[in-house]
Amino acid sequence: MNPRINPSILAADFVNMQSELARIASADFAHVDVMDNHFVPNLTFGPQMVERIQETSPIPLDVHLMITDPERWAPGYAELGAASVTFHLEAADDPVALARRLRQIGARAGVAIKPGTAGEPLYDILDEFDQILVMTVEPGFGGQGFMPETMPKLRALREEATRRGADVWLQVDGGISFDTIGQAAEAGADTFVAGSAVYGADDVEAAVTGLRDRARTASLES
């Protein structure tokens, strides 16, 4: 496995966003959390801000939409040039149709599930998505503690994807650090969102490399 590390700019200094993006140039994607204060009790970026981030980021954008009515808004983020757009299963009326629309525009289509949402409804439609995001905290705020009770769901999704031959990335988001990334990698994750573990480090590039190496080692040991 070649683990992907996607630093969450939710942990960055918003006043100096261009320089903060430059600091994570060695990462795989910049993870951008879009929250609408409806689906989750927090408000972050909108299309105009994401468009500017897209223009200045040295790496592709991995946009995570924690919003209601993703059918209305998600295609616009793909049209802005985001490499990956993930919406929540809990908010979508027709997740398959929306994923197909995102792919048609040219973005990778992702679907996210909260800690309390079962993974089984995704089994028969795994091929419709490029990425499944298993939240390892309740969505809405950064800095929360990792929820190990989500690992059986992640492991089951990996086993099902392998059984079906589905080419889908499994992403985890929430509380990912040097202490927890190994658990997620062992359970089958290959794409990792990390906020404070990256931006809170004295050496951001070393933190990205260290997380990637830790995940690779854990996946080989599993």
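Worth a mention:
- Other residues with beta-carbon under 13 Å from the beta-carbon of Phe14 carry, at +1 per Lys or Arg and -1 per Asp or Glu, a net charge of -2.
- Bridge type composition, the chain - antiparallel percent by DSSP, nearest 5: 5
- Residue order for Thr56, Thr180, Thr150, Thr86, fewest other beta carbons within 10 angstrom first, comes to Thr56, Thr180, Thr150, Thr86.
- Cα convex hull volume per residue for the range 60-128 (Å³): 81
- DSSP bridge orientation in the range 1-66 - percent antiparallel, rounded to nearest 5: 10
- Per-selection Rg to Rh, the chain - Cα, Kirkwood hydrodynamic radius: 0.93
- Take the Cα radius of gyration of the range 129-222 and divide it by 2.2 N^0.38 Å, N being the number of residues; the result is 1.05.
- Full extension of the segment from Ala22 to Arg163, taken as 0.36 nm per residue of separation minus the current Cα-Cα distance, would add 46.8 nm.
- Residue of Arg100, Arg164, Arg23 that the Gaussian network model of the chain assigns the largest fluctuation, springs spanning Cα pairs under 10 Å: Arg164
- Cα pair count fraction exceeding 19 Å, expressed as % - the range 1-54: 31
- Taking the chain as a Gaussian network of alpha-carbon nodes connected by springs under 10 Å, the highest mean-square fluctuation of the residues Asp203, Asp127, Asp173 belongs to Asp203.
- Helix-derived mean residue ellipticity, 222 nm - over the chain, DSSP H n ≥ 4, -39500 (n - 2.57), to 500: -10500 deg cm²/dmol
Bear in mind these aren't lab numbers, they're just calculated from the coordinates by the rules spelled out. Treat the numbers as computed from the prediction; the structure is a model and nothing was measured. Positions of Cβ are generated from backbone atoms using ideal geometry, with glycine treated the same way; all protein chains shown enter the neighbour counts.
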